[in-house]
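Reading through the structure tokens given below for one structure.
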Amino acid sequence: MIATCLRTTALVAPRALGGSSTRLTGRTFSSSTTSRNEKGDILKVTGDTFEKEVTRSAKPVLVDFTATWCMPCRMLGPVLDKAVKEDGRVRLVQIDVDEQVVLAGDYGISSLPTVVAFHKGAPVDSFIGAKNASSVQEFINGVIHKTSKDPQ
């Protein structure tokens, strides 16, 4: 059984499906998300720096779309954090969909938690729902396998 929280609000066509990335309100949401650099230190990332920290990252980036009220998200967060820290081949960004509404809409997030892996600006894989540590590691290995086939 996969634990998920449903989110029924669709804001814009998902960028991954060829939709527009235009912000509906013209406002930029600036609440922070977190990312880990190569040393494992937490970097603060805002909606304004999402492109720089995620889509332009040299390493694949796991984007964990989450919400504070989502219990499966609370279970998955520490599992992702530990796996990324121990593995070192990917980075992690956690985005609160209630604070980063435009980013969630851009990528068509409708269930939580949703994790989307990005490489060279494009989503390469994703999963929905809480997973255990071995499943998260398998996901990371799959992302690395897919991205290592990509010519530099």
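All of the numbers you see were taken from the coordinates with simple rules; none came from a lab. Because the structure is a prediction, the values reported are computed rather than measured. Using ideal geometry, Cβ is built from the backbone for each residue, glycine included, and neighbour counts are taken over all protein chains shown.
Which of the trypsin sites (Lys or Arg not before Pro) found in segment 50-152 are in a DSSP loop and have at most 11 neighbouring Cβ atoms, other than their own, within 10 Å?
Qualifying residues, ordered by number: LYS149.
So how strong a dipole does segment 77-142 carry about its Cα centre when Lys and Arg Cβ are +1 and Asp and Glu Cβ are -1, to the nearest 20 debye?
260
For segment 78-94, in order, what is each residue's ³J(HN,Hα) by Karplus, 6.51 cos²θ - 1.76 cosθ + 1.60 with θ = phi - 60°, in whole Hz (x at glycine and Pro)?
x, 5, 4, 4, 5, 4, 5, 4, 6, 6, x, 8, 10, 10, 10, 10, 10
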